[in-house]
Amino acid sequence: MEVEKRLAEFVTQTQYEDLPPVTVNFTKNLILGIVGTAVAGATQPDTSIVVNLVQEWGGKEEATVFVYGGKVPAYNAAFVNSIMARALDYEDGMPPGVHIGASVIPTSFAAAELAGGCSGKEFISAVTLGSEVTAKLALCSFFDGFDPTGIVSVMGAAAAAGRIMGLSLTQARDTLALAFNRSGGSFQSNIDGSLAVTAIQGFASQNAIICAQLAQRGITGPKNFMEGIYGYLHLYGKDKFTPEDLTRDLGKTFLFHNALCKKYPSCGCTLSSTHAALELVKEHDFSPEDVARIEVRLTPYCHKLVGHNFKMGDNPRVDAQFNVQYCVANAILRRGSQLEHFEESSIRDPKIVELVERVAVIPDSSLEEPGVECTLGSNVKIFTKSKVVYEKMVKAAPGMPKNPLTNEEHREHFKDCMHYARKPLSVENSNQIVSIIDKLEDAKDVRSLMSLLT
């Protein structure tokens, strides 16, 4: 039970003053990014359906529904707000496919309202600690087709909620243990272009609040949920990791810095290919009509997720977000990769449909980095009709840990989301949100953001 206790101690006892300044800054950028993507994603079809549903469910008025306003039970606010944050796939992510912020941050806001308030410092601490629990678990796992978000983000979000709700050490351990029992989700949702992709994000957050509330009231979870015979390290770690792997340097280094913050609104496995295509267009100024064929090489892991032949199903945006053929063709045709490019009208454009057919995607194990389950590098080769060949290898697209966005680029991401939003916030509210999050450690109560978000 030592590793379980150590995780609970990390969540309950780490103080804001223990966090390195670079980590605090990274956390604030994640928060700004999630607020932006939630506002931008608030009117997507799946989001609108869930907003209507949670309003129909009704219940105790505990936490705010972003953009639309009104209060619902905290677990349902976390549910719908997380779906908003994930709806456009423009938020942070971490290999091999964990979406941390879209659960940890909306859950933390809901928990702050449920708890009757939360200081900026405590909110930063909770988001940081919950994100780090998520990252630690992700790096001690072999998901093998399980959706990493559904497996580990529920535990990180539960840790953050428990911290904000002031749970004791024992209650925090039980919260994590209960959340372990709510882990689930499959990458088949992504491959099939289903709206379950965003629903899984919501399930993780909803269950996180419920688990914290259950633990607060004395419902216990398995004490050996990590290293027991049927614990996490067996089920998801395949007995390849030790408790020491999970707790090594815990609180000294922060692995959630490995999260990528997206410059382009599509799956992380498409980002390097998108950037390579954009760089080639910029460097050589060729037109789509000049292209005879395109060859995209991905690691086998990424190929399984985004390398299938593009076809439109019931949810064209999801189909396009999780398909590298579309993302590369889009970058060449439109010389950019923007939120508007993933709307159905853009996806059905005959010009891009025709260009997509010229893109071949090849799995290439030589792109893999030793010891890394999900390497995101890509090689793109353009064969022109005039027999000229252009080639670009991108190991780290903008926003990846080895090529991070600047603070100004994070603000540009937020502005991009505000520009795209179909239920936009006022310019004054948007500017206030940026200002508050920039100095969030000075905020007396993060609930002040709620009135600006509706």
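The values are calculated or read from the model by the stated rules, or taken from the named source; none is laboratory data. What you see is a predicted model, and the numbers here were worked out from it, not measured in a lab. In this analysis, Cβ positions are derived from the backbone assuming ideal geometry, glycine residues included, and neighbour counts consider all displayed protein chains.
When only residues in region 36-93 that are in contact with a helix residue (DSSP H, G or I) (Cβ under 9 Å, 6 or more places away or on another chain) and of a type in the set (Asp, Glu) count, which is farthest from Ala259 (Cα to Cα)?
Glu62
Quick one: is Asp89 at pLDDT below 95, among the charged types (D, E, K, R), assigned by TED's automatic domain parsing to the domain that holds Asn207 and assigned to a helix (DSSP H, G or I)?
In short, no.
Please pick out the residue among Thr37, Thr14 that is touching a Ser or Thr at 6+ places or on another chain (Cβ under 8 Å) and of a type in the set (Ser, Thr, Tyr).
Exactly one of Thr37, Thr14 is touching a Ser or Thr at 6+ places or on another chain (Cβ under 8 Å) and of a type in the set (Ser, Thr, Tyr), namely Thr14.
So which residues in region 54-70 are of a type outside the set (Val, Ile, Thr), in contact (Cβ under 8 Å) with a residue 24 or more places away in the chain and not in a loop (DSSP other than H, G, I, E, B), if there are any at all?
Answer for region 54-70, where residues must be of a type outside the set (Val, Ile, Thr), in contact (Cβ under 8 Å) with a residue 24 or more places away in the chain and not in a loop (DSSP other than H, G, I, E, B): just Ala63.
Which of (1) at pLDDT below 95; (2) assigned to a helix (DSSP H, G or I) does Pro424 not meet, given it meets every other one?
Here Pro424 meets the rest and fails (2).
For residues in region 249-266 being of a type in the set (Ser, Thr, Tyr) and more than 12 Å from Lys136 (Cβ to Cβ), which is surrounded by the fewest Cβ atoms within 10 Å (Cβ to Cβ)?
Restricting to residues being of a type in the set (Ser, Thr, Tyr) and more than 12 Å from Lys136 (Cβ to Cβ), the top hit is Ser266.
Can you tell me which residues in region 382-426 are of a type in the set (Lys, Arg) and over 30 Å from Leu355 (Cα atoms)?
Listed by number, the residues that qualify are Lys402, Arg411, Lys415, Lys423.
Any residue in region 193-204 that is in contact (Cβ under 8 Å) with a residue 40 or more places away in the chain sitting within a Cβ distance under 7 Å of a residue that is of a type in the set (Asp, Glu) and assigned to a helix (DSSP H, G or I)? List the pairs, counting only those 6 or more apart or interchain.
Gly193/Asp319; Leu195/Asp46; Thr198/Asp46
Pull up region 225-244, narrow it to residues that are in a helix (DSSP H, G or I) and touching a residue at least 60 places away in the same chain (Cβ under 8 Å), then point me to the one that is farthest from Ala138 (Cα to Cα).
Pro243
Quick one: in region 298-347, which of the residues that are among the acidic types (Asp, Glu) and not in a helix (DSSP H, G or I) is surrounded by the fewest Cβ atoms within 10 Å (Cβ to Cβ)?
Asp314
Of these, Ser426, Ser435, Ser386, Ser448, which one is over 30 Å from Ser365 (Cα atoms), outside the structural domain of Thr107 (by TED's automatic domain parsing) and surrounded by fewer than 17 Cβ atoms within 10 Å (Cβ to Cβ)?
So the residue among Ser426, Ser435, Ser386, Ser448 that is over 30 Å from Ser365 (Cα atoms), outside the structural domain of Thr107 (by TED's automatic domain parsing) and surrounded by fewer than 17 Cβ atoms within 10 Å (Cβ to Cβ) is Ser386.
Please state which of the following conditions Asn76 fails to meet, knowing it meets all the rest: (1) more than 23 Å from Gly251 (Cβ to Cβ); (2) crowded, with 24+ Cβ neighbours inside 10 Å; (3) over 20 Å from the mean Cα position of the chain (by Cα).
(3)
Please specify each residue of region 255-303 satisfying the condition of being among the small types (Gly, Ala, Ser) and either closer than 13 Å to Met393 by Cα or out of contact with any Gly (no Cβ under 7 Å at 6 or more places or on another chain) (or both).
Selection gives Ser266, Ser272, Ser273, Ala276, Ala277, Ser287, Ala292.
Could you please let me know if Ala331 is assigned by TED's automatic domain parsing to the domain that holds His275, in contact with a Leu (Cβ under 6 Å, 6 or more places away or on another chain) and closer than 25 Å to Ala40 by Cβ?
yes
State yes or no: is Ser168 modelled with pLDDT under 95, more than 17 Å from Pro95 (Cα to Cα), of a type in the set (S, T, N, Q) and surrounded by fewer than 24 Cβ atoms within 10 Å (Cβ to Cβ)?
No; evaluated as a whole, the condition is false for this residue.
What is the residue count in region 115-156 for residues that are surrounded by fewer than 24 Cβ atoms within 10 Å (Cβ to Cβ), over 14 Å from Gln15 (Cα atoms) and in contact with a Phe, Trp or Tyr (Cβ under 8 Å, 6 or more places away or on another chain)?
Going through region 115-156 one residue at a time, the tally reaches 7.
Testing Thr247 on (1) among the hydroxyl-bearing types (Ser, Thr, Tyr); (2) free of Cβ contacts under 8 Å to residues at least 60 places away in the same chain; (3) closer than 30 Å to Val22 by Cα, one condition comes back false. Which one is that?
(2)
Would region 54-69 turn up any residue that is crowded, with 16+ Cβ neighbours inside 10 Å and at positive phi?
Looking through region 54-69, at least one residue is crowded, with 16+ Cβ neighbours inside 10 Å and at positive phi.
Would it be correct to say that Val133 is under 14 Å from the mean Cα position of the chain (by Cα) and either touching a residue at least 12 places away in the same chain (Cβ under 8 Å) or not assigned by TED's automatic domain parsing to the domain that holds Ile209 (or both)?
no
State yes or no: is Ala276 part of a helix (DSSP H, G or I), more than 23 Å from Ile100 (Cα to Cα) and among the small types (Gly, Ala, Ser)?
Against the criterion (part of a helix (DSSP H, G or I), more than 23 Å from Ile100 (Cα to Cα) and among the small types (Gly, Ala, Ser)), Ala276 qualifies.
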